[in-house]
Every structure is written in structure tokens, then in C-alpha cells.
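The values are calculated or read from the model by the stated rules, or taken from the named source; none is laboratory data. Owing to the predicted nature of the structure, the values given are computational and were not obtained by experimental measurement. Cβ placement follows ideal geometry from the backbone for every residue including glycine, while neighbour counts extend to all protein chains displayed. Note: areas computed on protein heavy atoms with side chains; ligands, DNA, RNA excluded. Shrake-Rupley method; radii C 1.70, N 1.55, O 1.52, S 1.80 Å.
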Amino acid sequence: FFFCFPLNKSPQKPPMEKLNEKDVFELVLDYLSTKGFHESEKILRKENEVSKSKSGGSKLEGLLEKSHVAHMFGGPKRKRTNLDAVLMKEEKPAMKEDSSLLPEDTPLSLSMDTQIAGYNPCPNDPYGSSSMPIYQVSTFAQPSATTFGEYDYTRSGNPTRAALEKQMCDLESGHRAFAFSTGMAALSAVTRLVQPRQEIILNDDSYGGTYRLLSKVAARNNVIIRYVDMSGMKGPANLESVISQQTKLIMIESPTNPMQRIIDIRAISNIAHRHDALVEVDSTMMSPCLQNPIKLGADLVVHSATKFVSGHSDCMGGVVVVKDRALAEQVYFYQNAEGTGLSPFDSWLLLRGIKTMHIRVERQQENTMKVAEFLSDHPMILEVLYTGLPSHSGHDIHMKQARGGGSVLCFRTGSLAFSQHIVTNTKLFKITVSFGSVNSLISLPGNMSHASIPAEVRASRSFPEDLIRLSIGIESAKDLIDDLRRAIASYKSAGSGPGKKKV
């Protein structure tokens, strides 16, 4: 607080009475009361009583520094002595011993729905904003030439991005989270944890962009890349047979995109940790609402926030959540050094998207199950790949580590021409390479999202060219099914026709 009083320069005016510390303290209390900050006034009065018996330094300054008043009007007093872009330590309040916990101090065990809806992104906002403000700035003024605040340059940190990172960290039960400009930027930062001549093992059924990143970027930096089928019951044994002292990082997806193969995250993590390797799980297909890999033993979780976190196809972003401080320091270093942090505005869009994520994901999953059952029963559909179906080969493993099958499914027709016809002739599905939107989307992964994987590699991994991927939205499930039924029925085979249904 700063109190300014006019200087007495005129001899005709009587000198102004000097205010002592008690007078200033009363003025502060009066101001708080007048402005309606009654809780802060109450806390400050209480702390004043406690500090009466203590001496040393200015009592008023000490009270303001440690009270809620300082946080209400000045923000948290986190200062640095240099601008070295080193990750600041988290300042967490000390927990009371269990025996002394009062009822109001007992931590609540909240569902994810309540965590999302009740998240306060800006508890120190002086105006009590109900939504996180957009700090659309590139640089922040510092208190002095030798003392620096929590933020100095948006590349190194920004309050809006920090609010998003904290919420994602909470939802994934991690230590810290970091928001990147895209999902690929997030994955790229993870690969930086591996040094030349060390090894990354990637599941052989992975997103095309991940394959491209490792085969054409990480490999150029002399990182060894190995592709292993880690899915199903045999997956852990397959990993055990190839992991070595050179192996630094295991990168997996579960379910995989697009083949919906399931990887036992617990088992893979146990094997990796016995060999001092890290485990990264791309959990984009599930979102934090349906799967939390850190709780299953993973070291890092990656989300393409463009998908379910946003949910509206209106921004791009990626998130890395880590389990401990050592990893946090490394990931933050690369985020800052390479300038891949998410912009303030996109951070705000993702914060807005998260508010409805649990509702969207639940509705989309309900619709997907109905669509999957329709396709499973259709005589012209060869095969349906959806982890939510009890008939899926990885259903049992998946349901032990996730809370549903999600809203992405794939199916085969047995004919590339038939599949192309369906994709082209649906009316309610947008033809796009992405998923996770409130709108239903359709694509041919072999020609679109996974085209960066060479055809011969796709063939060696049993990647069917007739595979159709659906991302189900929040529309009426009946309308979506009717649209698919019409598109399938309108197909007129010019050749051998669709394949025989797989049972």
C-alpha cells in the first residue's frame, strides 16, 4: 500500500499531523470494510492480535506481507534475484498433522466433474474475476533493477498459460504441467529428454505425426528408434525381449490411433522402471476424464489439447504432465529454450473448453457406443474396432485402466472404394484429420492422418487401407446412425463389392 500526503510548503497553512503506524493500520482496515472485503479485514484484525506480542521490524509491513490483504491486492510475493528462466519452486502451504485437522481443514475428495466446474484459475485476481483474464502481453515490468517478479517474458511464463497448466496438472494428478503450441511440440519436448546414442522404443501402431517426428527428426540427432508391438497380453513380453541399457524412453498410446489396440500401462511401466527407462503415454484419445496414466505408473502424459481439451476445433495446443520435479525442470527448459509455449489467447480458449469437457466426453461416449453397436450389427460392415465393445480383444485390459471406450471408433468395409464412398457421402460428418470436437468427423487414416507413414510400413503392420475412423460428436445418435445407414445403402459396387463380414 502507498499513502501519499501533500508536502507542507506554504507557511500560511498549519502543518499536517503525521500518521503513525497504528493510524495507517486503521486506515487500511477502514478501506477494506468500506470496499466490502470483510474476510480480509477479519483476517488482518486476527493476525494483528497474534502479532502484538512479537517484536522486530515493522508490524504493519509484516502483517500486510503475510495476510490475505497482500494477496488480494498485490498478488503472491514471489520474487527472484535474476532472470535465468529456471523453473520456480512451488510454494505449497504446510499441511497440519492429521490429529489436529479441524473439519473445515479436511481436504475434500472431489469428483472430476466438480474439480473441473469448481476450478478457480485466478484466486489472487484483485477484482474477483470469475474467468481467467487474458494476459495478452509479451513482457512484464519488474519491481527494480535487482528484484524480479514471477513473470518477465511470456515465452518463459504467462499467468494465463500458468492457470491452464495448473488445471491440467490437477486433472492428471501430476507434479507440473506445461502447455505447448501444438501436440507435436509437446511430443518433441519429450523426445529431447533422450540423448544421442540412447534409445526410444515406440509402439509400432502410433499416430503418423509421432512416427514422422521420431523417424525423421529424432533419428537425425543420432537417437536410436525401435518399433515394438506392446499391445495386448503379449505386449509386455515383447518389450522385455528388446529393452536394454541404451533404452531411455518408452512412448506408447492406449488406445492406439487409429487401430484401437490396448497397451497395459501398468505392466509396461513396471518393465521400463526396472531398466531405468521413462514411460510417456499419449492419452489424447481418452482425455483426463477417462484415463490418468500417471496413476498407472507412467512418468509423462501428453495430450493434443486441440482435441478433447478444446472440443471446438478452434485452437491448437499440446500439454505435457510430469510426475516429479526433475522431469518438470527438463521439460520447462526445452519449452522456454525453444519458444514452444502456448500463447495467452489459446491458453484462455483451452481453459474455456475444459469447463465443459466432462459433459462433452460423457455425451460423445454414449453416442459412440450406439453407433458402434449399429455398425457391429450391419451385414455390410466387415469389422468394428472400438474398445468400449465387450467383443474388443483388449476390452478387459482397457477397462482396468480407463473409465470407458471414448468417442473414437474405426471400422472396415473390405473395400477401399466402398470406404471412400461412405466417407464422401455422409452428410452430418465433416471430413477432417482430427477428432475430439463437438461435431462428428470422418476420415480415411491411410490417406489422411497417417499418410506420413510409408505405405510399405503400414502394410507390414497390418494397417488396412479401407479403415474408416469416426469421431463422434454431441449430435443426436439417431441422426448420426441414419446418416451412416443412408451412405452405406447408397453404395453401388463397380467391382467385387464389400468384403464378407468378420465375426
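SER449 meets the conditions (1) buried (at least 16 other Cβ atoms within 10 Å of the Cβ); (2) over 30 Å from VAL228 (Cα atoms); (3) at pLDDT below 95; (4) among the polar types (S, T, N, Q) in every case but one. The failed one is (2). Applying the criterion of being crowded, with 20+ Cβ neighbours inside 10 Å and in contact with a helix residue (DSSP H, G or I) (Cβ under 6 Å, 6 or more places away or on another chain) to the residues of segment 355-370, the residue that is farthest from GLN167 (Cα to Cα) is ASN367.
Go through the residues of segment 190-199 one by one and say whether even a single one is free of Cβ contacts under 8 Å to residues at least 40 places away in the same chain and among the hydroxyl-bearing types (Ser, Thr, Tyr). Scanning segment 190-199 turns up no residue that is free of Cβ contacts under 8 Å to residues at least 40 places away in the same chain and among the hydroxyl-bearing types (Ser, Thr, Tyr).
Does segment 394-406 include one or more residues that are modelled with pLDDT under 95, under 30 Å from ASN292 (Cβ atoms) and open to solvent by 40 Å² or more (accessible area, probe 1.4 Å)? No, every residue in segment 394-406 fails to be modelled with pLDDT under 95, under 30 Å from ASN292 (Cβ atoms) and open to solvent by 40 Å² or more (accessible area, probe 1.4 Å).
Restricting SER283, SER304, SER313 to those that are within 25 Å of GLY208 (Cβ to Cβ) and surrounded by fewer than 23 Cβ atoms within 10 Å (Cβ to Cβ) reduces the list to SER313. Checking SER129, SER156, SER138 one by one, the residue that is within 30 Å of LEU83 (Cα to Cα), out of contact with any helix residue (DSSP H, G or I) (no Cβ under 7 Å at 6 or more places or on another chain), open to solvent by less than 50 Å² (accessible area, probe 1.4 Å) and not charged (D, E, K, R) is SER129 and no other. Sub-9 Å Cβ pairs linking a first residue in segment 397-411 that is at positive phi to a second residue that is polar (S, T, N, Q) and open to solvent by 10 Å² or more (accessible area, probe 1.4 Å), at least 6 apart or interchain, are GLY404/GLN365; GLY406/GLN365, ordered by first then second residue.
Comparison of LYS248, LYS216 shows that the only residue that is more than 24 Å from the chain's Cα centre (by Cα) and charged (D, E, K, R) is LYS216.
All of (1) open to solvent by 10 Å² or more (accessible area, probe 1.4 Å); (2) among the β-branched types (Val, Ile, Thr); (3) modelled with pLDDT of 95 or more; (4) not in a helix (DSSP H, G or I) hold for VAL433 with one exception: (3). ALA489 fulfils the conditions (1) modelled with pLDDT of 70 or more; (2) crowded, with 16+ Cβ neighbours inside 10 Å; (3) small (Gly, Ala, Ser) except for a single criterion, (2). Any residue at all in segment 407-422 that's open to solvent by less than 20 Å² (accessible area, probe 1.4 Å), in a helix (DSSP H, G or I), touching a Cys at 6+ places or on another chain (Cβ under 8 Å) and modelled with pLDDT of 95 or more? No, that holds for no residue. Considering only residues in segment 114-133 that are in a helix (DSSP H, G or I) and polar (S, T, N, Q), the one that is farthest from ARG161 (Cα to Cα) turns out to be THR114.
Condition first: of a type in the set (A, V, I, L, M, F, W, C) and open to solvent by less than 10 Å² (accessible area, probe 1.4 Å). Now tell me which residues in segment 291-301 satisfy that. The answer is ALA298, LEU300, VAL301. For ASP276, the stated conditions do not hold, so it cannot be described as closer than 23 Å to LYS400 by Cβ and open to solvent by 10 Å² or more (accessible area, probe 1.4 Å). Filtering segment 335-354 to residues that are hydroxyl-bearing (Ser, Thr, Tyr) and either surrounded by fewer than 20 Cβ atoms within 10 Å (Cβ to Cβ) or in contact with a Pro (Cβ under 8 Å, 6 or more places away or on another chain) (or both) leaves only SER343. Before we move on, is GLU362 more than 16 Å from the chain's Cα centre (by Cα) and closer than 28 Å to GLY174 by Cα? So GLU362 fits the description; yes. Report whether or not ILE359 is β-branched (Val, Ile, Thr), part of a helix (DSSP H, G or I) and more than 26 Å from ASP205 (Cα to Cα). Taking the combined requirement at face value, the residue satisfies it.
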